[in-house]
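Have a look at the structure below, then the notes.
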Amino acid sequence: MNEKIEKLINDKGLRLDGRKPEELRPIKIEVGVLSNADGSAYIQQGKNKILAAVYGPKELHPKHLALPDRTVLRCRYHMAPFSVQERKSPAPSRREIELSKVIREALEPSLFLEYYPRTAIDIFIEVLQADGGTRCASITAASLALADAGIPMRDLVAACAAGKVDDTIVVDLMDAEDKKGTADVPVALMPNFNAITLLQMDGDLTMKEFEKAFNMALEGCRKIYTLQKEALKAKYLNVKEVEE
Ligand code: ADP
């Protein structure tokens with residue numbers, strides 16, 4: 001099933017990109033990168049490059065979809081045709097439709113949807129370059145774009161995956177590890193509430209391995225949460241400096 005073309009973990013216990021099993025890829029986050037959207041964020045996580053933009057709360061079209069007691073949260077996850085090595089069709093694939101739903105459901109618990117009846121909040125996610133773990137990086141960026149749009153939130157949502165490659169449990173899998181590894185467990189967390197908003201598992205793990213992977217992913221989420229808060233603060237410090 002999983003052809004081992006090359007070893008994913010070398011004799012020193014390091015991964016293909018030199019990371020230790022518990023090490024995240026380098027992460028760079030920027031908030032407020034698009035002036036035409038109400039809120040936006042950009043994340044680079046390893047080779048992943050992802051933009052998230054938010055519009056709303058705003059009047060919902062078509063109107064018959066509006067709900068009398070809450071806002072409708074809509075999410076579109078899309079991979080650019082140039083985001084992977086072989087041109088991807090720009091039309092939404094089954095995977096993108098599923099990920100749009102999964103990402104929306106991971107973000108929904110962080111919002112007070114009842115504050116804005118009869119409206120919609122739209123989240124657009126564009127994966128410019130993909131290298132594994134894009135659903136998690138998309139959640140991390142989209143949560144910041146929602147905050148940047150000034151939408152009241154219970155907490156930010158930080159997301160990170162862990163999994164198993166060559167019998168080793170590792171965090172933040174890149175594409176090669178995702179494809180050749182045996183399991184992948186993406187997790188999203190509202191750290192202040194210790195509330196999980198996404199938990200999936202692809203592949204096989206024993207209960208013990210699952211617990212280890214799950215805890216590693218949670219630890220990754222907490223580290224990413226710190227970076228999210230720094231990125232959010234950096235934007236508002238910048239605004240303050242411009243105003244002064
Ligand atoms: P995630 O990006 O959340 O890990 P998947 O496990 O479905 O989601 O995808 C893993 C990786 O596979 C993606 O991050 C991307 O690098 C790669 N991938 C996804 N779709 C395609 C595609 N159409 N062509 C080539 N690579 C793809």
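Within the group Ala188, Ala195, Ala162, which residue is in contact with a Gly (Cβ under 8 Å, 6 or more places away or on another chain) and either hydrophobic (A, V, I, L, M, F, W, C) or closer than 28 Å to Phe112 by Cα (or both)?
Within the list Ala188, Ala195, Ala162, the selection yields Ala162.
Of the residues Ile9, Ile43, which is within 16 Å of the ligand (Cβ to nearest atom) and surrounded by 12 or more Cβ atoms within 10 Å (Cβ to Cβ)?
Step by step, each of Ile9, Ile43 is checked, and only Ile43 is within 16 Å of the ligand (Cβ to nearest atom) and surrounded by 12 or more Cβ atoms within 10 Å (Cβ to Cβ).
Taking the conditions exactly as written (touching a residue at least 24 places away in the same chain (Cβ under 8 Å), in contact with a Phe, Trp or Tyr (Cβ under 9 Å, 6 or more places away or on another chain) and of a type outside the set (Phe, Trp, Tyr)), does Leu218 satisfy them or not?
Here the answer is no, as Leu218 does not meet what is asked.
Check Ile151, Ile125, Ile139 and return the single one that is within 15 Å of the ligand (Cβ to nearest atom) and either surrounded by fewer than 24 Cβ atoms within 10 Å (Cβ to Cβ) or assigned to a helix (DSSP H, G or I) (or both).
Of Ile151, Ile125, Ile139, the one residue that is within 15 Å of the ligand (Cβ to nearest atom) and either surrounded by fewer than 24 Cβ atoms within 10 Å (Cβ to Cβ) or assigned to a helix (DSSP H, G or I) (or both) is Ile139.
With the requirement that a residue be surrounded by fewer than 16 Cβ atoms within 10 Å (Cβ to Cβ) and among the basic types (Lys, Arg), what does region 12-40 give you?
Result: Lys12, Lys20, Lys28.
Where in region 154-222 are there strands (runs of 3 or more DSSP E), lying fully within it, with 1 or more residues that are within 12 Å of the ligand (Cβ to nearest atom)?
158-165, 183-190, 195-199
For the list (1) within 16 Å of the ligand (Cβ to nearest atom); (2) without any contact (Cβ under 8 Å) to a residue 60 or more places away in the chain; (3) over 14 Å from the mean Cα position of the chain (by Cα), I need the number of the one condition that Arg76 fails.
Arg76 satisfies every listed condition except (3).
What tally of residues in region 82-100 results from selecting those that are part of a helix (DSSP H, G or I) and within 7 Å of the ligand (Cβ to nearest atom)?
Count: 2.
Please verify whether Thr119 is more than 13 Å from the ligand (Cβ to nearest atom) and either out of contact with any helix residue (DSSP H, G or I) (no Cβ under 8 Å at 6 or more places or on another chain) or at pLDDT below 95 (or both), treating the condition exactly as stated.
Answer is yes for this residue.
Could we say that Lys58 is over 16 Å from Ala130 (Cα atoms), part of a strand (DSSP E or B), over 20 Å from the mean Cα position of the chain (by Cα) and charged (D, E, K, R) here?
Taking the combined requirement at face value, the residue satisfies it.
Which of the residues belonging to region 101-114 are more than 12 Å from the ligand (Cβ to nearest atom) and surrounded by 16 or more Cβ atoms within 10 Å (Cβ to Cβ)?
Arg104, Leu107, Pro109, Ser110, Leu111, Leu113
Suppose we filter Pro92, Pro117, Pro57, Pro62 for residues that are in contact with a Phe, Trp or Tyr (Cβ under 8 Å, 6 or more places away or on another chain) and either surrounded by fewer than 17 Cβ atoms within 10 Å (Cβ to Cβ) or touching a residue at least 24 places away in the same chain (Cβ under 8 Å) (or both); which single one remains?
Only one candidate passes the filter, namely Pro57.
Being closer than 25 Å to Asn48 by Cα, surrounded by 14 or more Cβ atoms within 10 Å (Cβ to Cβ), of a type in the set (Gly, Ala, Ser) and more than 16 Å from the ligand (Cβ to nearest atom) is the requirement here; does Ala231 meet it?
yes
Somewhere in region 145-153, is a residue β-branched (Val, Ile, Thr) and at pLDDT below 95?
Scanning region 145-153, I find no residue that is β-branched (Val, Ile, Thr) and at pLDDT below 95, so the answer is no.
The values are calculated or read from the model by the stated rules, or taken from the named source; none is laboratory data. In this text, all values refer to a predicted model and were calculated from it rather than measured experimentally. Positions of Cβ are backbone-derived with ideal geometry, glycine not excepted, and every protein chain shown enters the neighbour counts.
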